[in-house]
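Structure first, commentary second.
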C-alpha cells in the first residue's frame, strides 16, 4: 500500500507540470487555420524543415521564427499550429487531427507524407492540403487530387550550379556528395551536382555516399561526419550535403581539416536553407530551395481564396532554387566561378542547357 | 580500385566503437549486478543532450562531460528505484526511460534554445580534445575496459557485484547488502552510458540532434551479450560492430561489381547486420547471462 502511494506521488509529480498549462485554447474562428506536419528531421534541422517553418511563421506573423526580424512579407493573419512527429507512425493521426478540426490548410513536409496525405485528403475533400516534395494522385493514379497542391522544386538545376562552383573551387579534382536517405529525390541533387561539375571539368571525380536507407539517416550527424572524412581521405576537397541533420557532420569534418594561410583546405556546400553562417569560412555556398517562399505562397492562395490543386513547380526561373553569395562566403568563391554559374543559370532557364532530372528517369 | 584497408579505416573503427564501449561497459555493471538495463539508449541520449547544452552555456567540454555523467546517473537512479525498490519489470521500466528521451530533449531544447530537439552548434575549440586523430574519450574507453576487468575479477567489490547478480540469496546469507550493490551497478551504468552519449554530441559531432544515438544503445546491449558479459570480450564485440560500420562507410562508392557498376548502397549497408547474425550464430556459442538477471531480490521470498 505504502509503495502504491509513493509511486502515485512520483507519477503525479512528473505529470503535474505538464498539466498546469494544458488549458483548452479557444481559437479565433474567423481566421484561416493552417496546420503543418513536419518531417522526422524536426523544424530546427537548419535545413529543409527549417525552411518550411520560416514560410509558415512569416505568413502568421510577418517575422522570422525568432519573432523579431521581419521576413519582408506581410503577415496574413492566420492561426498556425504545428506538429513534429517523433516517429513515422504519428504523421497520419496528426494530419487527421487538423482535418477533423476543420483547418483550412494542412501542410505536409516531405515526400514521405505523400501516401499518408493521399488517404487523408480523400477522406476530407473540402479541406485544402499541400505537400512539399510530393505528388498526390486521385484514385485513377493519373490526375492530381484537386484538393492537394504538390509543391515541387527543380533541385537538379540548383545543384548543377553549385556543382559548377564546386568544380571551379576544387584543387584536387575530386568532389564529394553526402546524401541522407537513399531515395530518388536525393539522387536528383546528386545527379545535377555531378553534371554541373563535369560541365566545368569533364575529368572531375564525384564521390557519393548515403547515410542510410531508413529515415534515421536524416538524424545521424556522427555518420555524416565519418562519411565526409572518408571522402576527404580519398581526395575530395568540396563536399555537398543533402542529408538534413546528418549533413551537419560534414560541416564538422571540414572544420576539423582546418585552414592553411587563412583559407580552409576543405569546403562544404549547404542545402535547402542558407547554411553559409553555420561554419563561416568553411561553407563555400548553399544550394537553397525556397520552401519558405512556396509555403508562404500557398498559404496566401488559401487566404485569398484562390487555392489551386495540382503541381506547383519552383525552378531557377522563379528563384525557387539557387545558390547564395553573402558576406560569409563572398571571399571564398572566385568571381570567375560566379560569372560562369550565372551564365549557366540563364542558359538553363532559356533551355539551352538541359539538366538531367534523376527522378524523371 | 583503391584499397579500403587503410589506416583511416582503423581510426574510423575506433571512433565508431567508442560510444558503444562506454555504453556496453556501463550495461555490464548493471547486468552483472542482476538488473537488466535496456535503458542504455535513453541514458546515452540524456548524456548527449546534457553535455551539449552545458558546454554551450559554460564553454567547457569538461563541464559538459561532468554534467552528462550526473544527468545520466540521475535517470539511472530513477530506473534503479523503480526496478529495485518497487520491483517493476526491468524491461518495461527501461523502455520507459528510452521513450522519455525521445521527447524530453525536445521539450528542454524548446525552453532553452527555442528549438525542438537540437542544440546550437558548438565551435571546434569547445569540443572534447583529440590526441592523434582520436578523442581522449576513445583512449579513456580502453582504460575503462581494463579497469573494469580488474575491478570485476580482482577486487572485493567486483566479487560481491558478481555474486549479487548470480545468486542474491547466497550473497545475502554471506552478509552482502544485495540491493545497495544493485543500486551502485545501475547508477554506474548511467554514468558510463552518459559519457558515451557525451562523446556523440561534444566529441564526434558538435551538437545534439533528436534521437541522435540512432540505436547505438541497443547495439551496445547486443555487444554486451555477444561479449558474454565480460569486459574484454565486450570491447572486442564493440570493435567488431564499429569495424563493420566503418567498412560500410569506406566501401560505399568504392566497391565495384565486376560489371563496373557501384555496389548498391543498400547491399553495403546490410554488412553490419549480416556480420552480427553470422558471428552470433556461428562463432559465439552459448552465451550465459548472470544467474539472477532480471529477477528482483526479495528477502522474504
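The values are calculated or read from the model by the stated rules, or taken from the named source; none is laboratory data. Nothing here was measured: the structure is a model prediction, and the numbers come from that model. When we count neighbours, we look across all protein chains shown, and the Cβ atoms used for this are built from the backbone with ideal geometry, even at glycine.
Here are some notes:
- When segment A:246-275 is limited to residues that are assigned to a loop (DSSP other than H, G, I, E, B) and within 11 Å of chain B (Cβ to nearest Cβ), the one that is nearest to residue A:164 (Cα to Cα) turns out to be A:275.
- In segment A:129-145 there is at least one residue matching the filter, namely being assigned to a strand (DSSP E or B) and surrounded by fewer than 24 Cβ atoms within 10 Å (Cβ to Cβ).
- Only a single criterion out of (1) under 30 Å from residue A:38 (Cα atoms); (2) touching a helix residue (DSSP H, G or I) at 6+ places or on another chain (Cβ under 7 Å); (3) facing another protein chain (nearest Cβ under 9 Å) is not satisfied by residue B:112, namely (3).
- Options A:354, A:279; residue that is outside any helix (DSSP H, G or I) and surrounded by 21 or more Cβ atoms within 10 Å (Cβ to Cβ): A:279
- Residue within segment B:17-35 that is surrounded by fewer than 24 Cβ atoms within 10 Å (Cβ to Cβ) and touching a helix residue (DSSP H, G or I) at 6+ places or on another chain (Cβ under 7 Å) present: no
- Count of segment B:70-81 residues which are in contact with a helix residue (DSSP H, G or I) (Cβ under 8 Å, 6 or more places away or on another chain) and surrounded by fewer than 21 Cβ atoms within 10 Å (Cβ to Cβ): 4
- Put simply, of B:149, B:204 the only residue that is touching a residue at least 24 places away in the same chain (Cβ under 8 Å) and crowded, with 19+ Cβ neighbours inside 10 Å is B:204.
- Only one of B:292, B:281, B:223 that is away from chain A (no Cβ under 14 Å) and under 27 Å from residue B:141 (Cα atoms): B:223
- Residue selected from segment A:206-233 under the condition more than 7 Å from chain B (Cβ to nearest Cβ) and modelled with pLDDT under 90, by the criterion surrounded by the most Cβ atoms within 10 Å (Cβ to Cβ): A:218
- Cβ-Cβ distances below 6 Å connect the following pairs, each with a first residue in segment A:92-109 that is more than 21 Å from residue A:133 (Cα to Cα), a second residue that is surrounded by fewer than 23 Cβ atoms within 10 Å (Cβ to Cβ), and a separation of six or more residues or different chains: A:103/A:33.
- Within segment B:188-217, tally of residues that are part of a helix (DSSP H, G or I) and within 12 Å of chain A (Cβ to nearest Cβ): 9
- Residue selected from segment A:182-205 under the condition without any contact (Cβ under 8 Å) to a residue 40 or more places away in the chain and touching a helix residue (DSSP H, G or I) at 6+ places or on another chain (Cβ under 7 Å), by the criterion surrounded by the fewest Cβ atoms within 10 Å (Cβ to Cβ): A:201
- Residue within segment A:87-103 that is outside any helix (DSSP H, G or I), farther than 19 Å from residue A:296 by Cβ and at pLDDT below 85 present: yes
- First in segment A:300-321 and assigned to a strand (DSSP E or B), second anywhere and exposed (fewer than 12 other Cβ atoms within 10 Å of the Cβ), Cβ under 9 Å, 6 or more apart: A:310/A:143
- Criterion (within 13 Å of chain A (Cβ to nearest Cβ) and modelled with pLDDT of 95 or more) met by exactly one of B:81, B:25, B:4: B:81
- Residues that are closer than 20 Å to residue A:46 by Cα and either within 8 Å of chain B (Cβ to nearest Cβ) or free of Cβ contacts under 8 Å to residues at least 60 places away in the same chain (or both) within segment A:234-245 comprise just one, A:245.
- Looking across segment B:117-143, the residues that are without any contact (Cβ under 8 Å) to a residue 24 or more places away in the chain and within 12 Å of chain A (Cβ to nearest Cβ) come down to B:125, B:130.
- When A:62, A:35, A:67 are checked against the criterion of being more than 17 Å from the chain's Cα centre (by Cα), more than 11 Å from chain B (Cβ to nearest Cβ) and at positive phi, a single residue qualifies: A:62.
- Only one of the listed residues (B:250, B:266) is within 14 Å of chain A (Cβ to nearest Cβ), in contact (Cβ under 8 Å) with a residue 12 or more places away in the chain and assigned to a helix (DSSP H, G or I). That residue is B:250.
- All conditions but one from (1) in contact with a helix residue (DSSP H, G or I) (Cβ under 9 Å, 6 or more places away or on another chain); (2) more than 26 Å from residue B:102 (Cα to Cα); (3) modelled with pLDDT of 80 or more apply to residue B:267; the one that does not is (1).
- Filter pass, residue B:185 being more than 14 Å from chain A (Cβ to nearest Cβ), buried (at least 24 other Cβ atoms within 10 Å of the Cβ), modelled with pLDDT of 95 or more and under 23 Å from the mean Cα position of the chain (by Cα): yes
- Of A:326, A:336, all but one fail to be closer than 30 Å to residue A:261 by Cα, surrounded by fewer than 17 Cβ atoms within 10 Å (Cβ to Cβ) and not assigned by TED's automatic domain parsing to the domain that holds residue A:175; the exception is A:326.
- The listed residue being buried (at least 20 other Cβ atoms within 10 Å of the Cβ) and more than 14 Å from chain A (Cβ to nearest Cβ), out of B:155, B:234: B:234
- Of all the criteria given as (1) surrounded by fewer than 19 Cβ atoms within 10 Å (Cβ to Cβ); (2) outside any loop (DSSP other than H, G, I, E, B); (3) more than 16 Å from the chain's Cα centre (by Cα), the one not satisfied by residue B:88 is (2).
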